[in-house]
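Participant: Submitted below is the structure of interest, expressed as structure tokens.
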């Protein structure tokens, strides 16, 4: 008869996710993970594999949660307002965090992508999925307003994702919320200039 796990893997994974998010991959030791997850080394390896495999599982979970949240946010009728809110949520989060964690995906891209092809592939795939979500919302906006001549939705979506990534980097670097808000406002003005 198989032994029942003495811990909840999803809860343990979430604790690992938070640890990686706060400390980064390289700065997080296996012992840090064991302490945060409340499990022993054998349970970690039996359930998640090594540190790298655990990190990839945590990154996957973060990505899926983030994309689901973005999809929900853009499902409303006012697409421009939803895009503005999605950018401003980065500013709001930065203002509320005592220590700015940034975005786990963006952090992973800057820390690991140059030397970890698996992480690089996950980052690229996620950014493409983000672009697709924004592009779908922009196309829906155009379909709802026949008077609007809609520029290439994919190009506009790529512009938005670039702003998202840039805002996360600026926020983590300690840029003030006033400056971050100004970046959001400028981004929205640039986006509206193409909405003619």
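Where a number appears in this text, it was derived from the coordinates with a stated rule and is not lab data. Values in this document were obtained by computation on a predicted structure and should not be read as measured data. In this analysis, Cβ positions are derived from the backbone assuming ideal geometry, glycine residues included, and neighbour counts consider all displayed protein chains.
Participant: Hey, with R₀ at 45 Å, roughly what FRET efficiency would residue 31 and residue 162 work out to, going by the Cβ-Cβ distance, to 0.05?
Facilitator: Working: r = 38 Å, r/R0 = 0.84.
That gives a FRET efficiency of 0.75.
Participant: Please give the contour-minus-distance gain from residue 189 to residue 173: 0.36 nm per residue of separation, less the Cα-Cα distance, rounded to one decimal in nm. Please list the in-between numbers first.
Facilitator: On the way: separation 16, 0.36 × 16 = 5.76 nm, distance 2.40 nm.
Gain in length upon complete extension: 3.4 nm.
Participant: By how many degrees, 0 to 90 and rounded to 10, does the Cα axis of helix 9-23 deviate from the longest principal axis of the chain?
Facilitator: Its long axis makes an angle of about 70 degrees.
Participant: Could you please rank 185, 78, 116, placing first whichever residue has the fewest other Cβ atoms within 10 Å of its Cβ? Show your work: numbers first, answer last.
Facilitator: On the way: 185 13, 78 10, 116 17.
Taking fewest neighbouring Cβ atoms as first place, the list is 78, 185, 116.
Participant: Right, something else. Spin-label point model (7 Å from Cα, Cβ direction): what's the residue 142 to residue 69 distance in nm?
Facilitator: About 2.9 nm separates the two model spin labels.
Participant: Return one number: the angle in degrees, 0 to 90 and rounded to the nearest 10, between the long axis of the Cα atoms of helix 117-144 and the longest principal axis of the Cα atoms of the chain.
Facilitator: Here the helix axis deviates by roughly 30 degrees.
Participant: Right, another one. The chain: percent of C-alpha pairs farther apart than 31 Å?
Facilitator: On the way: 5222 of 19110 pairs.
Considering the chain, 27 percent of its Cα-Cα pairs are separated by more than 31 Å.
Participant: Then there's this: Once the Cβ-Cβ distance between residue 52 and residue 11 is put in as r, and R0 is 22 Å, what FRET efficiency do you end up with, to the nearest 0.05?
Facilitator: Numbers: r = 21 Å, r/R0 = 0.95.
The formula returns an efficiency of 0.55 here.
Participant: Counting other C-beta atoms within 10 Å, which of 115, 101 has the fewest, and how do the rest follow? Walk me through the numbers before you get to the answer.
Facilitator: Details: 115 8, 101 17.
Listed from fewest to most nearby Cβ atoms, that is 115, 101.
Participant: How much mean residue ellipticity at 222 nm does the chain get from its helices, if each DSSP H run of length 4 or more adds -39500 (n - 2.57) and you divide by all residues, to the nearest 500 deg cm²/dmol? Intermediate results must be reported in sequence, preceding the final value.
Facilitator: Details: 9 runs with 146 residues, N = 196.
Computed ellipticity for the chain at 222 nm equals -25000 deg cm²/dmol.
Participant: Any chance you could give the angle, 0 to 90 degrees and rounded to 10, that helix 177-193 forms with the longest Cα principal axis of the chain?
Facilitator: The angle comes out near 50 degrees.
Participant: Now, a different point. How high is the relative contact order of the chain? Use alpha-carbon pairs under 8 Å, at least six apart in sequence, and give a whole percent. The partial results should precede the final answer.
Facilitator: Details: 162 pairs, mean separation 41.9, N = 196.
It rounds to 21 percent for the chain.
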